[in-house]
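I have placed the structure first, in the form of structure tokens, so that the comments after it can refer back to it.
The values are calculated or read from the model by the stated rules, or taken from the named source; none is laboratory data. Predicted model only: the values in this text are computed from it and were never measured. Heads up, the Cβs are rebuilt from the backbone with ideal geometry, glycines too, and the neighbour counts pull from every protein chain shown. SASA here: full protein model, heavy atoms, side chains in, ligands and nucleic acids out. Shrake-Rupley method; radii C 1.70, N 1.55, O 1.52, S 1.80 Å.
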Amino acid sequence: MKLAFVMIVFQSDYVLEPCLRSALPFGKIYAAEGPVRFWQQRGYTRSTDGTLAILNRWNIPTVSGRWEEKTEQANAALSLVPRDTDFVFCLDSDEIWDARTLAHITNVLERGDVDSMSFRAYSFYGGFDYIMGGFEENFEVHRVMRYGQHFETHRPPTINAPDGRPWREHRHLDHDATDAMGMRFYHYSYVFPSQMDMTAKYYEALGG
């Protein structure tokens, strides 16, 4: 079973290296770096922090560019993935996956009876002493699906099966099932003020 991690990145140096370190023992990571149109309109042409230096230091195959939106950027990363790949793992730079969970995921995929997996997150808030509940606790995060050459959408990550339906409409383990199996990941989304500010501005411009 061949698993590939696909990642889109921009201004991500404060969380990127721990994310790479957690995933690389389980598969190769392929990245697309650069701003979408919203950030291009604010003067960016590439990441101006240490993102590219980190990707280079960890020898991550990367395509840099400027993208209309995140779906186009995700497809640029996907274009680097070898076609003999079995599963695509959509990895965000502000996530950490522990080795036990990733080993469990690969064991499930190797059984051959699952096409798609989603998860719950432990979402840190304001630091690492608090975890959010409520809507965050119930949010289904789509992460693993069988390989295809094209993402239909980035939000949520969607690759269609040969019948034209998303892989998650086939043999899917949802976030309730994976949570019951002891699989979650750690999400930094509400920890760093600069990250929260950038995320809020971007999604406000998209209409929420």
If you take the residues in the stretch 122-143 that are open to solvent by less than 30 Å² (accessible area, probe 1.4 Å) and either part of a loop (DSSP other than H, G, I, E, B) or more than 21 Å from Ala77 (Cβ to Cβ) (or both), which one is modelled with the lowest pLDDT? Gly127
Scan of the stretch 91-106 for residues that are at pLDDT 95 or above and surrounded by 23 or more Cβ atoms within 10 Å (Cβ to Cβ), ordered by number: Leu91, Ile105
Identify, please: which residue in the stretch 158-208 is in a loop (DSSP other than H, G, I, E, B) and modelled with pLDDT under 60 and is, among those, surrounded by the fewest Cβ atoms within 10 Å (Cβ to Cβ)? Gly208
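Kindly provide the set of residues from the stretch 144-157 that are touching a Pro at 6+ places or on another chain (Cβ under 8 Å) and surrounded by 22 or more Cβ atoms within 10 Å (Cβ to Cβ), ordered by number.
Met145, Phe151
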Select from the stretch 70-89 the residues that are more than 15 Å from the chain's Cα centre (by Cα) and over 18 Å from Ser118 (Cβ atoms) and list them in ascending order. Ser79, Leu80, Pro82, Arg83, Asp84, Thr85
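Condition test on Val88, is it outside any loop (DSSP other than H, G, I, E, B), open to solvent by less than 10 Å² (accessible area, probe 1.4 Å) and modelled with pLDDT under 95?
Criteria not met by Val88.
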Does the stretch 22-45 hold any residues that are at pLDDT below 95 and basic (Lys, Arg), and which are they? Arg37, Arg42
